Amino acid sequence: RARIGIVGGGQLGRMSAVAASRLGYEVHILSDSQPSPAAETAARFTVGSYDDPACLEKFARSCDVITFEFENISTAGLSHLSRFCPVHPSGHILEISQDRIAEKTMLGSYGLPVAPWKEIASPDDLRSLPAFGFPCILKTTRFGYDGKGQFRLPDETAFQGILQKAESLPYPLVAEQQIDFAREISVMVARGTDGTIRCFDVAENHHRQGILRASIVPAPIMPELAQKAQTLAATLAEKLNLVGIMGVELFEERNGDLLVNEIAPRPHNSGHWTMNACLVDQFEMHIRAVAGLPLPPARRHSDAYMHNLIGPDDMALLPELLQEENASIHLYGKEEARPGRKMGHVNRIFPRGGMPGDMVLSHYQPRLED
Ligand code: ATP
Ligand code: MG
Ligand code: MG
């Protein structure tokens, strides 16, 4: 049996492992923590450090191909793995996606639009920030997820607040203009070893406190805009020589232009709707791509409303959700429902064109948070 290795033991690893074992692969997971959502879905599960060469070598020798769900494995770690076993997507793409400056520079070099940004390399750079303008968002360059490591600076007063701690911030930072977008959308794009590219339909995404809350598919946008977003994602996949799946997060500006927010070269939360609305979901598409199998068209048979189950409040809704007749429930097997922790998600599925209008429309109302 061919063996697929997955670095990272979170829910993305868990769902990738399920897809891989459904395709008949033997799944080996390397995780740096013991209680891990992916542990129970893999044939072999190893706990070890992503920085320990001996551990990486042993893992790599037990696999025929390796992919990752955890984005912050070091470049050195990844290149060590790839000495013993092919790794997809390549370390080059991972390196770019780990670093917002490298990411924005790459996007710019391909002529793809991003929000105006500036590197803040030092407290002095920070002090000269007002020239850049408010509102803006300060982001850590590395290791941010779910909006962690971000500071919103709506105005001069907030800026004065952050200046107080200027000396203790983790430089380099990135300052980005805060975009008054019409909506957030994303595209999941997969590229196979033979260069075949498949794009799933565009999702409209809603965040709360920096965390993805819900995705609505199809995004209620004009077909031309959806096409433009998919073409942009396909261009990126091609330019980056992607093998595997990648999430491309975009802002739709009020004038209809698109800006790329960030990329994630792995299965992505905003692609979870595919698990019930597509014949082949993002995880199977990803595994097929990294394993060198053909990629079928990313066909969507249903409309979907994906809702994350975050923290104890959402988990309390579970008994009700289980009563719903068109809701498919996915839980990640995490023990403790801490606030802000993604515990699972629900896919509400409707025949194409059959999503109740109020489910879509409720999201046109002004955002209450952020
Ligand atoms: P993820 O979990 O998606 O990796 P992250 O921590 O990398 O999150 P971002 O995707 O950069 O963070 O930002 C999180 C959310 O914050 C975005 O989805 C968007 O809602 C909001 N946001 C980020 N940057 C901007 C911006 N320049 N203008 C307006 N809103 C923004
Ligand atoms: Mg991110
Ligand atoms: Mg994001």
Would you call Phe45 modelled with pLDDT of 95 or more and among the aromatic types (Phe, Trp, Tyr)?
yes
Tell me, yes or no, whether region 304-312 has at least one residue that is away from ligand 3 (no atom under 16 Å from the Cβ) and out of contact with any strand residue (DSSP E or B) (no Cβ under 9 Å at 6 or more places or on another chain).
no
Condition first: β-branched (Val, Ile, Thr), within 15 Å of ligand 1 (Cβ to nearest atom) and within 17 Å of Gln282 (Cα to Cα). Now tell me which residues in region 203-217 satisfy that.
Ile216
Those residues of region 145-166 that are exposed (fewer than 15 other Cβ atoms within 10 Å of the Cβ) and within 16 Å of ligand 3 (Cβ to nearest atom) come to a total of 2
If we scan region 338-348, do we find a residue that is touching a Phe, Trp or Tyr at 6+ places or on another chain (Cβ under 6 Å) and modelled with pLDDT under 95?
no
Search region 214-225 for residues being crowded, with 18+ Cβ neighbours inside 10 Å and touching a residue at least 40 places away in the same chain (Cβ under 8 Å), and hand back the single one that is farthest from ligand 2 (Cβ to nearest atom).
Pro218
Restricting to region 114-144, and then to whatever is of a type in the set (A, V, I, L, M) and surrounded by fewer than 16 Cβ atoms within 10 Å (Cβ to Cβ), can you tell me which residue is farthest from ligand 1 (Cβ to nearest atom)?
Ala121
Would you confirm whether or not region 71-78 contains a residue that is within 21 Å of Tyr25 (Cα to Cα) and among the hydrophobic types (A, V, I, L, M, F, W, C)?
no
Kindly list, by first and then second residue, each pair from a residue in region 39-63 that is closer than 24 Å to Gly333 by Cα to a residue that is part of a loop (DSSP other than H, G, I, E, B) and among the aliphatic types (A, V, I, L, M), limited to pairs with Cβ atoms under 9 Å and residues at least 6 apart or on different chains.
Phe45/Ala38; Tyr50/Ile73
Some residue of region 220-239 being within 16 Å of ligand 3 (Cβ to nearest atom), β-branched (Val, Ile, Thr) and at pLDDT 95 or above:
no
Of the residues in region 249-268, how many are crowded, with 22+ Cβ neighbours inside 10 Å and in contact with a His (Cβ under 9 Å, 6 or more places away or on another chain)?
2
Tell me, which residue of region 240-269 that is among the acidic types (Asp, Glu) and within 16 Å of ligand 3 (Cβ to nearest atom) is farthest from Glu103 (Cα to Cα)?
Glu252
Can you list the strands (runs of 3 or more DSSP E) found entirely within region 120-199 that contain at least 1 residues being away from ligand 2 (no atom under 16 Å from the Cβ), closer than 26 Å to Ile245 by Cα and under 20 Å from the mean Cα position of the chain (by Cα)?
183-191, 197-199
Among (1) of a type in the set (A, V, I, L, M, F, W, C); (2) out of contact with any helix residue (DSSP H, G or I) (no Cβ under 7 Å at 6 or more places or on another chain); (3) within 16 Å of ligand 1 (Cβ to nearest atom) - the single one Leu225 does not satisfy
(3)
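The values are calculated or read from the model by the stated rules, or taken from the named source; none is laboratory data. Keep in mind that what you see is a predicted model, and the values were worked out from it rather than measured. In this analysis, Cβ positions are derived from the backbone assuming ideal geometry, glycine residues included, and neighbour counts consider all displayed protein chains.
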